[in-house]
Amino acid sequence: MKTYYNPDDLKKFGKIGEFQKEMADKFFGYYGEVFKEGALTEREKSLIALAVSHAIQCPYCIDSYSVDSLEKGCNEEEMMEAVHVAAAVRGGATLVHGVQMMNKVKEVSM
Amino acid sequence: MSIGTKSLKKQNHELSNIDKQLQVLHNGVADQNLESFSSKLKASNLFPLTTTGLDVFQINMGKMCNQVCSHCHVDAGPDRKEIMTKETLQQCLDAIKKSGINTVDLTGGAPEMNPHFRWFVEEAYKLGCKTIVRCNLTIIVANKKYFDLPEFYKENEVEIVSSLPHYSSKKTDSQRGDGVFDRSIRALKMLNEVGYGMEGSGLTLNLVYNPSGAFLPPAQAGLEKQFKRQLKKDFEIEFNSLFAITNIPISRYLDYLVASENFEGYMEKLVNAYNPIAAKGVMCRNTISVGWDGYLYDCDFNQMLELKVAVGNKDLQHVKDFNSIALLERKIIVNEHCYGCTAGAGSSCGGEIT
């Protein structure tokens, strides 16, 4: 069955340089730097990446960072809490626009 | 992972057959067009893999165990009756004396279930050996005849290495069986009480982490801090070091990988994570592994795959004719499961290699 998303395509990510090498090299170099231990640990960065993966709803990223979080020593509770953080921010982003709706309603109402 | 109560052997499972395991391993690499382990070693100028010394004498005292862990590479359990005899243990002592090796590493199964375990530890102590016991912890609280094991270990200055896959009961029990975490905590407290793992006691208690699933272990140093913090906070437990060990795709762990359809992905992950620096430091280069029946192997994993040491004369494959020179000159037998020891930071019975 053909689908838009194919799990095997994730393994081909590194090959995007085939069409534009210079930018791909810069991107992967940058990517590697970002995930190195710095002011944040690799473990903390993996949980952030897991949360962002859910917020942007990228199946490749979710597969990658679910395993990566386990390989950084995270447990299921921590991972699900990270997903809830993403959900809360997304939900909050919807709800905070309710203020704009209220403003508009008040503006046009007697 | 789900826990069975019988060994693969008792179930007559197809993966209790060594040839079948080797075939599955071979296909897992070849069918995905991945490079074979020996080819990787050649590219790293490490083939054939040779010895660097004869420093650790590891004895598998038997396959009998009080647990049936889902990842066990020995396929150990209460239904396994293979136990090293006193005669073979004496041959081990003779070999240790003759070769001058002074680190003895006892594993199983649960080595403590061998009826000659205490005698052997005392004899090794008299020889001046440093003895390591790979204790599964729950054996200490399994029966009152084992309750004094912490004192016994202390008297013989044994170093304890114990598996605790996680500081949460859920993850530990999913790999090692229901209730194992709580019993392990009780045993750790008993070890702490006699001084094991406590600063200044000189009694070493190391823990082993291995992943509860089809993924690689985290970096050892960070994980050790996490374990120390959580075990201290939740249970007032202390220990010395944490060893992060990669699961090797043989026996029950291989069964788990195949049954959960993770096998191909795991092999690919191991191959892609091959690290030549880890390959250079693999433990088989300075270890000799003795099986319950006295035969010699490059490591405990080769032992479970029945790949005996490659020494010309067949007699020299048995501990009764232990010959240090022949063993030092041997070429180590490698196969696709060896990728488990060379992935990432590497893996050995002492944790990360690099």
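The values are calculated or read from the model by the stated rules, or taken from the named source; none is laboratory data. All values reported here derive from a predicted model rather than from experimental measurement. Glycine also receives a Cβ, built like all others from the backbone with ideal geometry; neighbour counts cover every protein chain displayed. Quick note on the areas: whole protein, heavy atoms, side chains included, nothing else; ligands and nucleic acids left out. Shrake-Rupley method; radii C 1.70, N 1.55, O 1.52, S 1.80 Å.
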Subject >> Within chain A, longest stretch free of exposed chymotrypsin sites (Phe, Trp or Tyr not before Pro) [DSSP loop, at most 16 other beta carbons within 10 Å] >> reply: A:36-110
Original post:
Sequence-distant or interchain residues sharing an amide H contact under 5 Å with B:L106, placed H: which?
Top reply: B:I59, B:I132, B:V133, B:R134
**OP:** Give the long-range amide H neighbours of B:Y274: residues separated by 5 or more places, or on another chain, with amide H under 5 Å away, using H modelled in the peptide plane at 1.01 Å from N.
**Re:** B:G344
**OP:** Report, for the protein assembly as shown, the % of DSSP beta bridges that are antiparallel, rounded to 5.
**Re:** 25
Subject >> 10 Å Cβ neighbours from other chains, averaged over peptide B:218-230 >> reply: 3
Subject >> Peptide B:206-213 - average C-beta neighbours from other chains (10 Å radius) >> reply: 1
**OP:** Could you work out how far helix A:76-108 tilts from the main Cα principal axis of chain A, as a 0 to 90 degree angle to the nearest 10?
**Re:** 30
**OP:** Report ³J(HN,Hα) in whole Hz for each residue of region B:344-354, in order, from the Karplus equation J = 6.51 cos²θ - 1.76 cosθ + 1.60 where θ = phi - 60°; Gly and Pro get x.
**Re:** x, 7, x, 8, 8, 5, x, x, 4, 9, 8
Original post:
What list of ³J(HN,Hα) couplings, whole Hz, do you get for region B:203-214 from phi and the Karplus terms 6.51, -1.76, 1.60, once you set θ to phi - 60° and write x for glycine and proline?
Top reply: 9, 9, 10, 10, 10, 10, 9, 9, x, 8, x, 8
Original post:
For B:Q32 and B:D148, FRET efficiency with R0 = 35 Å and r from the beta-carbon atoms, rounded to 0.05?
Top reply: 0.10
Original post:
Considering only protein heavy atoms, what per residue accessible area in square angstrom results for the protein assembly as shown with a 1.4 angstrom probe?
Top reply: 49
Subject >> Filtered trypsin sites (Lys or Arg not before Pro), region B:74-159: DSSP coil and at most 15 other beta carbons within 10 Å >> reply: B:K81
Original post:
Separation between the B:K126 and A:K11 pseudo-spin-labels, each 7 Å from Cα along Cα→Cβ, expressed in nm?
Top reply: 5.8
Original post:
Taking only Cα atoms, what is the 0 to 90° angle, nearest 10, from helix A:42-55's long axis to the longest principal axis of chain A?
Top reply: 50
Subject >> Per-residue HN-Hα couplings for region B:285-302 [Karplus 6.51, -1.76, 1.60; θ = phi - 60°; Hz; x = Gly/Pro] >> reply: 6, 10, 10, 10, 10, 10, x, 4, 9, x, 6, 9, 9, 6, 7, 5, 6, 4
Original post:
Looking at region B:206-264, which GluC sites (Glu not before Pro) are DSSP coil and have at most 11 other C-beta atoms within 10 Å of their C-beta?
Top reply: B:E236, B:E261
Subject >> Residues whose placed amide H lies under 5 Å from that of B:A244, excluding near-sequence neighbours >> reply: B:Y209, B:E352
Original post:
DSSP loop GluC sites (Glu not before Pro) in region B:133-187 with at most 14 other Cβ atoms within 10 Å of their Cβ, which ones?
Top reply: B:E157
Original post:
So for the pair B:D79, B:T5, with labels modelled 7 Å out along Cα→Cβ, what separation do we get in nm?
Top reply: 1.1
